[in-house]
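Before any comments, here is the structure.
The values are calculated or read from the model by the stated rules, or taken from the named source; none is laboratory data. The model shown is predicted, which means the values in this text are computed figures rather than measured ones. A quick note on method: Cβ atoms are made from the backbone with ideal geometry, for glycine too, and the neighbour counts reach across all protein chains shown. Just so you know, the surface numbers come from the protein's heavy atoms only, side chains and all, with ligands and any DNA or RNA stripped out. Shrake-Rupley method; radii C 1.70, N 1.55, O 1.52, S 1.80 Å.
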Amino acid sequence: MRSPLKSRLGLAAVLAFVLALFGLAPAAQADPAPAALTFTANAATVTPGGTVNLSMTLTNNKTYDVWFVYQTISPTWLTTQRADLKYSFTGCSLATPTGAASCSGVGPSDLGANYGATIPPGQSRTVTLTLQVAADSGCNGNIGFYSYYYAEFSDSTNTSGGPVYTPETRVLCA
């Protein structure tokens, strides 16, 4: 004689599989990263002698203040393979409620201090780096960067992230 319990368990397993297959099962909610770093560029192309502004926005997704940030920025491997591309970071500014303030640490170095003091929960800080392409730079190449960051919060926790990539900027000759 067949056991009705096995039939019921089998039917329940098949029903659960079908529900999961079609997305009707409850989905697990993923928590956002405690801190998120995003990049934007004000131009997709630049000519030799021109500039592009790379903006970095660090958002605090936790319920505690960000107290400390350490961040690096380095050229991508493909960018380093083009010896004819010549560029440098020539400026840095922090967006504040009262306007832009200058910052330090331009280039491939510790950029964390540039975000200013504490970043309260749910708020962001944006730092803009000015990328200057040399007048004698090569053409038809892309300049891109990647970044790693580390943030400490007022609840004594920390997070790290990366690599986060900047939009690539194409150097064009007229």
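Within the stretch 127-174, the set of residues being on the phi > 0 side of the Ramachandran plot and either open to solvent by less than 50 Å² (accessible area, probe 1.4 Å) or under 14 Å from the mean Cα position of the chain (by Cα) (or both) comprises just one member, GLY162. Residue pairs whose Cβ atoms lie under 9 Å apart, separated by 6 or more positions or on different chains, with the first residue in the stretch 78-106 and farther than 20 Å from THR169 by Cα and of a type in the set (Val, Ile, Thr) and the second open to solvent by less than 70 Å² (accessible area, probe 1.4 Å) and at pLDDT below 90, are THR96/GLY116; THR96/ARG125.
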